[in-house]
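Enquirer: Here you go, one structure.
The values are calculated or read from the model by the stated rules, or taken from the named source; none is laboratory data. Not measured: the values here are computed from a predicted model. A quick note on method: Cβ atoms are made from the backbone with ideal geometry, for glycine too, and the neighbour counts reach across all protein chains shown. Side chains are part of the model used for accessible areas, which takes the heavy atoms of the whole protein and leaves out ligands, DNA and RNA. Shrake-Rupley method; radii C 1.70, N 1.55, O 1.52, S 1.80 Å.
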Amino acid sequence: IKAAQTSGTLVVGGITLETEDFNIVRVFDSLSLQDKSKQYEEANDRDVVVLLDVEIHAELVQEGVARDIVNRVQRLRKKAGLMPIDDVAYYYQISEDPSGALAGVFQAQAEFFMRSLKQEFSPLPPGTVAFAEEEHELNESKFTLVFKR
């Protein structure tokens, strides 16, 4: 195959084929992998084969959920009429979380929330008086965002 690419001809069964008579296509055979647990998607373009690991990683799913939550915090800030300089404490209260996934996101992504929101984002303490709050659904979970001045 490499010689055919270089010379532009390929001999098959005694018949010489020119480059316009054949097309070389590279294909990825996932069955030849040693680790069968990996999932890949493949794309090719003449000389190149690209493999993309399409396995769903829990850390990336959690980060995506955390980004969604930060977006919801920012939208609630806008809805509440807050300016960027307004000092507000952010809290959340989980009302439904059958799988525990949402609680896991808040715990595992605490550093991400701190970087994105520039402050702690913690569970709602009892007796907190809120000036803005909004209930949200995310997958099978429900939570409330609470802002306190």
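Enquirer: Enumerate the calculated ³J(HN,Hα) couplings along the stretch 131-147 in order (Karplus 6.51 cos²θ - 1.76 cosθ + 1.60, θ = phi - 60°), each rounded to whole Hz, writing x wherever the residue is Gly or Pro.
Expert: Couplings: 9, 8, 8, 7, 8, 9, 10, 9, 6, 9, 10, 10, 8, 10, 8, 10, 10 Hz.
Enquirer: When Lys and Arg each count +1 and Asp and Glu each count -1, what net charge do the other residues less than 15 Å away from Leu82, Cβ to Cβ, add up to?
Expert: +4
Enquirer: To the nearest 20 Debye, how big is the dipole of the stretch 99-140 about its Cα centre, given +1 on the beta carbon of each Lys and Arg and -1 on that of each Asp and Glu?
Expert: The calculated dipole for the stretch 99-140 is roughly 280 debye.
Enquirer: Would you mind calculating the relative contact order of the chain from Cα pairs under 8 angstrom and at least 6 residues apart, reporting the percent as a whole number?
Expert: 19
Enquirer: Is the stretch 87-149 rounded, prolate or oblate when judged by the Cα gyration tensor, a ≥ b ≥ c being the square roots of its eigenvalues, rounded requiring a/c under 1.5 and prolate requiring a/b larger than b/c?
Expert: Oblate.
Enquirer: Relative to the Cα centre, what is the charge dipole magnitude of the stretch 56-97, using +1 at the beta carbon of each Lys and Arg, -1 at the beta carbon of each Asp and Glu, and rounding to the nearest 20 debye?
Expert: 320
Enquirer: Under unit Cβ charges (Lys, Arg +1; Asp, Glu -1), what dipole magnitude, rounded to 20 debye, does the chain have relative to its Cα centre?
Expert: Dipole of the chain, to the nearest 20 debye: 720 debye.
Enquirer: Ok, one more. Calculate how many DSSP beta bridges within the chain are antiparallel, expressed in % of all such bridges and rounded to the nearest 5.
Expert: Expressed as a percentage, antiparallel bridges in the chain total about 90.
Enquirer: Right, another one. Near Lys79, which aspartates and glutamates are there with a Cα under 20 Å away, not counting those fewer than 8 places off in the same chain?
Expert: Asp68, Asp87, Glu133, Glu134, Glu135, Glu137
Enquirer: Carbon and sulfur together cover what percent of the accessible area of the chain at a 1.4 Å probe radius?
Expert: C and S fraction of accessible area: 52 percent.
Enquirer: A further question follows. Of the chain, which part is the longest with no GluC sites (Glu not before Pro) in a loop (DSSP not H, G, I, E, B) and with at most 11 other C-beta atoms within 10 angstrom?
Expert: Formally, the longest exposed-site-free interval is 56-119.
Enquirer: Hey, another quick one. On a 0 to 90 degree scale, rounded to 10, what angle separates helix 58-79 from the longest Cα axis of the chain?
Expert: Its long axis makes an angle of about 50 degrees.
Enquirer: Express the accessible area of the stretch 30-149 per residue in Å², computed with a 1.4 Å probe while the remaining protein chains stay in the model.
Expert: Per residue, the stretch 30-149 has 69 Å² of solvent-accessible surface.
Enquirer: Next up: Between (1) 153; (2) 206; (3) 169, which entry matches volume of the Cα convex hull per residue in Å³ as derived from the coordinates of this structure?
Expert: Answer by label: (2).
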